[in-house]
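All of the numbers you see were taken from the coordinates with simple rules; none came from a lab. Bear in mind that the values here come from a model prediction, so they are computed numbers and not experimental data. A quick note on method: Cβ atoms are made from the backbone with ideal geometry, for glycine too, and the neighbour counts reach across all protein chains shown.
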Amino acid sequence: MKSSITLTAFFTLLLIAAVMGANHVAARFAFNDSVNVVTAVFFRSIVTAVIIFILLLRRGVSMKISKEYHLIFLTIGTLVAIQSYCIYSSVSLIPVVLALLAFNTHPLWAAFWSRVLYKRRPDTLVLKSMPMILFGLALALDVFGTASGLGAVAHWQSIGKGVFYALMGAASFGLALVVTEHKTIKINALVRTTYTLGIVTVLATLLSFFQGGLALPHSSSGWLGLLGLTFFYGIGFTMMFSLLPRLGVVGNSAIMNVEPIFALIFAWILLGQKISIIQIVGAIIVVGTVIVIGLRKK
C-alpha cells in the first residue's frame, strides 16, 4: 500500500509537471520561428543526456552494460525518438493542450502492448477507465466541430494531422514503457535514460543531415523558445531522477500528468491559444482519469 506523500513532495511533483508543460509551450515559440522538429529533439536530448551523465559521474555509477542490452536499448531509443518527433510535430500543428491530451492516452497504449507482446491482462481499473479517457478526449478534441463552429469535416482537416502525431507518439511511448519494464528493469534508471537519450540524439543528428542540417531560429523569440524547451526539458528530467527518489514519491509520479493543465494555462497566457469550456471539461476528465490510473495500488 502506498503511503500519503508530504506537502513538499506534492508540490515538487506539480513543479515538474509545470516545467514539462512549459517545455512544450516554449517549443511552439521555436516552431513559429522556423525551427524544425528534429532540431528541437536534438537540442533537448543531447543537453539532457549530458546533464544526467554528469549526475552518473558524480554518483560513481558505472555505465557498463552487457551485450544483451545493446539491441534492447537501440529499440527503446528508437521508440523514444519516434515519440519525441511525434509529440513535437503535434505541438507544432495544434494547440499545445490538445496535443498533450491526445498523448496522455499512453497508459491505454501501454496496456495494449503489454497484452499483445507479453499476454498480460490489463488491470481492471485500466479497462474501466478507457471509456472515460476516450469520452474526455472526444470532448477536448471537439470531435464534431461544434465548439469551433467549423463542423466535423473542416475541424478535422484543421487538427487531424496533429492529433494523429500525438496518438502515434503515445503509442510509441507506451511500447517503450512496456519494453523498458520487461527488459531493462535491472538497469539503473539514470543509466537507462542516458543510453536512451544518447540514441535519440544520434538518430536526430542523422535525420537532420537528410533535411539539410539543423534549422536554427531567426529571431530572439525563436532562440528563447529553443533554449526554453531545452532548459525546461533538462530541468524536468533532472528533477525526476534526482529529487523524486529522495522524496520517496516515485510511485506517485502520476500526479505529474496534470502537465496538460499547466500547458493550457501557459499557452493561453503566452500564445493566446484558447479552447472552449466543454473542451476544458474534457481535459479535466482525461487528466483526472490518467492520474487515478497512475495512483492505483499495485
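Counting Lys and Arg as +1 and Asp and Glu as -1, what is the net charge of the other residues whose Cβ lies under 12 Å from the Cβ of H182? Walk me through the numbers on the way to the answer.
Working: positive: K119, R120, K183, K186; negative: E181.
With Lys, Arg at +1 and Asp, Glu at -1, the neighbours total +3.
For a footprinting-style exposure proxy, rank K183, K64 by other Cβ within 10 Å, fewest first.
Details: K183 16, K64 6.
The order, fewest Cβ neighbours first, is K64, K183.
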message = For the pairs K161/K186; K161/K183; K128/K186; K161/K274; K64/K183, flag any whose C-alpha to C-alpha distance is greater than 26 Å.
response = K161/K186; K161/K183; K128/K186
ask   = How far apart, in nm, are the 7 Å Cα→Cβ label points at K67 and Q211?
value = 3.6
inquiry  = Using a 10 Å cut-off around each Cβ, can you sort E68, E259 from fewest to most neighbouring Cβ atoms?
reply    = E68, E259
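So for the chain, averaging the separation of alpha carbon pairs under 8 Å that are six or more residues apart and normalising by length, what relative contact order in percent results?
On the way: 429 pairs, mean separation 123.5, N = 298.
Averaging sequence separation for qualifying contacts and normalising by length gives 41 percent for the chain.
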